[in-house]
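Beneath this line is the structure, given in C-alpha cells, with notes to follow.
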Amino acid sequence: MNHSTIKAIINTAQIVTPMGTKAVKGAFMEEIKIIEGGAVLIKDDEIAFAGTKEELVQHSDFSDDAEIIDAAGKSVIPGFVDSHTHFVFGGYRPGEFMERLAGASYLDILKKGGGIQRTVKSTRESAWDELYDSGYQRLTSMLAQGVTTVEGKSGYGLDLDTELKQLQVMEKLNRDHVLDIQPTFMGAHAIPTESDADEYVDFVIEKVLPGMKALSVFCDVFCEEGVFSVRQSEKLLLSAKKLGYKLKIHADEMIPLGGAELAAAIGATSADHLLASSDEGIIQLAGSDTVATLLPCTAFCLGKPYANARHMIDSGCAVAIATDYNPGSCYTNSIPLLLALAVINMKMTAPEALTAITLNAAAAIDKSDSIGSIQTGKKADLVILKEADYRFLFYNTAMNQVDKVIKNGKVVYQAPI
Ligand code: NIG
Ligand code: FE
C-alpha cells in the first residue's frame, strides 16, 4: 500500500504569509496573515493545513506518528520566488563594472559591442557542462537564501543553437536540482552584431520561437531605446502569444518608452524593471492583471533612481520584487540585499515586501495557484527563519536570515551553526 508521508512543523513563534491564489494588488499587499505559535501539517509535498497548534492535533491527517520538524521558536514564511533572473551564462564582466563606476553608461557600453554582447560571445563559446555546472552552483547559492522557485531566461545566445543550449541546460537543472525553474525564452535580449533589429525580430519569429516553445513557458523582450522598440516588441510578443507563450517585458528600464503600457495592453503576465515608467503606464498596469516586477538590485548596481514602488502600490498595482541576477547590470542574487532595498530605498512596508517576494512573485511566473503562500493545497515550500520575529528579515539589514529551507515537504537546507 502507498502511504502518505505526514510531517508537522511545530514550535513556531509565528507563521507569516500572504493569502490567496492570485496576485495581491495595492493596499491588499499589506494584509498578511500572522498565526502566533502556529503549526503546519505537510502531506507528501503539499501543505495539508496551517493554523493553530490546537487545530493541528484535531486534524484528520495528524497522528502521533507524524514526523516532527521543530521550528525551535522561530518564524516560518513561504519559500521565496525569484521571478526574474538570467542565471545561465558564460563568462563575467568585471571590467565593464569598473567602467560604469568611472562614469560610463550601461547602454553606451552595449552600443560599443560590450555588455550583453560580451556575455553572448562567452556563452556561445561555453561548453554545455560549464553552463550546467555554474548554473547548478548558482541555484545552490539561491537555495541557501530561501529561494525555492526561480525563473531563468535565455538571451545570451541570440542564435538558435545557443538559445537552445541555455534552455536545455535549464531543463536538466530543473530535473536535477531541488529548486524549481520556470524557463523563459528571451531571444530578443539584444540585437546580434551580425543583424539589425527588424531583421532579427523576423528571424526570431520565423525560425526560433516555434522550436523553443517545448522548453519555455514565457517569452520576454528587452524593450529599450537602441534595443527593441515598442513596435518590434509588440510584433514579437503577439507572435509568441499565438504560439501559446505567456508574456514578459523588460520595460522602461532606462527610458520611458511605453513598455508598461504595452505590457498592460497585450496582457503580459509581468512587466519588469519599470524604473522610468510614465504615470500613464502605471495607471494602465494598475487596471490590468500584469504584475509590476521591480528589480531594485539592478537600480542599485547601475546607480539609478529606484522604481516608484510607493506610487505603484498606492495606485493599485500588484508589485513583485526579484533580483534580476545577471553578469552585467546586476551581478548579485542576494535576497537579503533585495529585501533591504525594497523597504529602505523603495519605501515598501515589511508586509508588502514579503508579499512581493512570495505570492506576487509566484503570480509573476503564473504559479500563484500552487506556490507563494502557506495555505492548504499549496506546495510545501517553506523557510524557517533564524529569529522569532519575521521583521528581522528587514531589520537585520542585508544579512541572511534563513535557518532551514523546506522544499516539496523535505528539509533540503540547514544553515551552518
Ligand atoms: O535585466 N536589460 C537587459 N537585461 C538584463 C541585463 C543583462 C546583462 O547586462 O547581461 C537586465 O538588466
Ligand atoms: Fe533582466
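Some observations on this one:
- Shape box of region 1-148 [Cα atoms, principal axes, largest first, Å]: 66, 45, 28
- Here each label is just a point 7 Å from Cα along the line to Cβ, and for S4 and I283 those points are 5.0 nm apart.
- Cα gyration tensor shape for region 266-346, rounded if a/c is under 1.5, else prolate or oblate: prolate
- Loop-located chymotrypsin sites (Phe, Trp or Tyr not before Pro) in region 353-402, at most 11 other Cβ atoms within 10 Å (DSSP): none
- E387/L107 FRET efficiency (R0 56 Å; Cβ-Cβ; nearest 0.05): 0.85
- Length gained on full extension, T397 to Y331, computed as 0.36 nm times the residue gap minus the Cα-Cα distance: 21.8 nm.
- Calculated mean residue ellipticity, 222 nm, the chain: -9000 deg cm²/dmol, from DSSP H runs (n ≥ 4) at -39500 (n - 2.57) each, averaged per residue and rounded to 500.
- Here region 1-101 exposes an accessible surface that is 52 percent carbon and sulfur, computed with a 1.4 Å probe and the other protein chains kept in place.
- Most mobile listed residue (S373, S75, S229) in the chain, GNM with C-alpha springs under 10 Å: S229
- Crossing angle, helix 128-143 versus the chain [Cα axis fit, 0-90 degrees, rounded to tens]: 40 degrees
- Neighbourhood charge, 9 Å Cβ-Cβ cut-off, centred on N11 and excluding it, Lys, Arg +1 and Asp, Glu -1: +1
- Helix 160-176 vs. the chain, principal-axis angle (Cα, 0 to 90°, nearest 10): 10 degrees
- Under the simplified labelling scheme, the I417-K53 pair shows an inter-label distance of 2.2 nm, with each label point 7 Å from Cα along Cα→Cβ.
- Links that overshoot a 29 Å alpha carbon limit, given the list K111/K172; K241/K407; K33/K242; K248/K304; K213/K379; K112/K367: K111/K172; K241/K407; K33/K242; K112/K367
- Kirkwood hydrodynamic radius of region 312-417, Cα pairs, Å: 14.8 Å
- Judged by the mean number of other Cβ atoms found within 10 Å, the most tightly packed of the peptides 275-282, 233-240 leads the ranking 233-240, 275-282.
- Loop sites in region 34-96: GluC sites (Glu not before Pro), DSSP, at most 13 other Cβ within 10 Å: none
- Phi-based couplings in Hz for region 290-297 (Karplus 6.51, -1.76, 1.60; Gly and Pro marked x): 7, 7, 8, 9, 9, 10, x, 5
- Estimated FRET transfer efficiency when R0 is 45 angstrom, pair S141-S60 (beta carbons, to 0.05): 0.70
- Region 228-383, accessible surface, carbon-and-sulfur percent (1.4 angstrom probe): 53 percent
- In this label model, R124 and K410 are separated by 4.0 nm, measuring between points 7 Å along each Cα→Cβ vector.
The values are calculated or read from the model by the stated rules, or taken from the named source; none is laboratory data. Just so we're clear, the structure is a prediction, and the values are computed from it rather than from any experiment. Note: ideal-geometry Cβ built from the backbone for every residue, glycine included; neighbour counts use all protein chains shown. These accessible areas exclude ligands, DNA and RNA; they are computed on the full protein's heavy atoms, side chains included. Shrake-Rupley method; radii C 1.70, N 1.55, O 1.52, S 1.80 Å.
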